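The values are calculated or read from the model by the stated rules, or taken from the named source; none is laboratory data. Values in this document were obtained by computation on a predicted structure and should not be read as measured data. Cβ atoms come from the backbone with ideal geometry, glycine included; neighbour counts cover every protein chain shown.
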């Protein structure tokens, strides 16, 4: 089924019915991916506009588009774009809409995705707007939890690290809040605690959450979601250095526990490499899931699934 909206800028747009439909189409797209792709979008041109550094998101969108037969055009870095000359986001998007059948954009400014979507004449997907939202990461995280745990209802999840600036945990919180009996343990220093926009959502939806400062208090969960401290969001380098390795997940933390380890990546030391070989380390499977989720979203937004 096509989605009920033309542009995806925030996970707060999605209902549970939307999310369940995306999971189903993603399962179908995984079969397409495993058999080498198809020509669903042959003759279409998709634009990837990445004005902030990215590896996984950019390459997985590129792979998703090409696995569905589309051609891809790109723009990288603000310094190499007309925005560096003073062009507005709105003008850039109206121009790129003339060249492409869909636009994916990452931009360092919170709210930039909403500004872009208002003027885009083709489907638009937010690939991250500063510390704001990263909806496709959250959706692939949901698919990963679903695959690893077999359900999304009743999930107990521990989120660790930079919960203040980490747009991935904000977006994922809004989606998990659509499901029954989900509970959160939020592990962070006071300086990086979950912002009020998320905790007020929990209160509104009646979602249980606990805020603690020790990682050991969050190991009795189905999922532990590690995050890096977001260096690019800090104005004070000394403050970043003080907090960057506040939490390090080690193999002994999770070796004998039925807990799925996730991370949106890149990691910068917060998961010890000894964890990688454990069967419950899901973060590299999580990366692969990003391709098939983005294939599904492109198909659904263009009414082609």
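Do you know which of the residues in the stretch 1-36 that are farther than 14 Å from residue 297 by Cα and without any contact (Cβ under 8 Å) to a residue 60 or more places away in the chain is surrounded by the most Cβ atoms within 10 Å (Cβ to Cβ)? The selected residue is 17. Just wondering, is there one or more residues in the stretch 74-92 that are surrounded by 15 or more Cβ atoms within 10 Å (Cβ to Cβ), within 30 Å of residue 177 (Cβ to Cβ) and touching a strand residue (DSSP E or B) at 6+ places or on another chain (Cβ under 6 Å)? Scanning the stretch 74-92 turns up no residue that is surrounded by 15 or more Cβ atoms within 10 Å (Cβ to Cβ), within 30 Å of residue 177 (Cβ to Cβ) and touching a strand residue (DSSP E or B) at 6+ places or on another chain (Cβ under 6 Å). Restricted to the stretch 60-79, and to residues there that are out of contact with any helix residue (DSSP H, G or I) (no Cβ under 6 Å at 6 or more places or on another chain) and within 17 Å of residue 109 (Cβ to Cβ), the residue that is modelled with the lowest pLDDT is 79. Taken over the stretch 116-146, the residue count meeting the criterion of being over 12 Å from the mean Cα position of the chain (by Cα), modelled with pLDDT of 95 or more and not in a strand (DSSP E or B) is 10. Of the listed requirements (1) closer than 24 Å to residue 16 by Cβ; (2) in contact with a helix residue (DSSP H, G or I) (Cβ under 8 Å, 6 or more places away or on another chain), residue 166 misses just one: (2). Using beta carbons and a limit of 7 Å, which pairs, at least six apart or on different chains, have the first residue in the stretch 291-305 and at pLDDT below 95 and the second one buried (at least 23 other Cβ atoms within 10 Å of the Cβ) and assigned to a helix (DSSP H, G or I)? Cβ pairs passing all conditions: 305/296.
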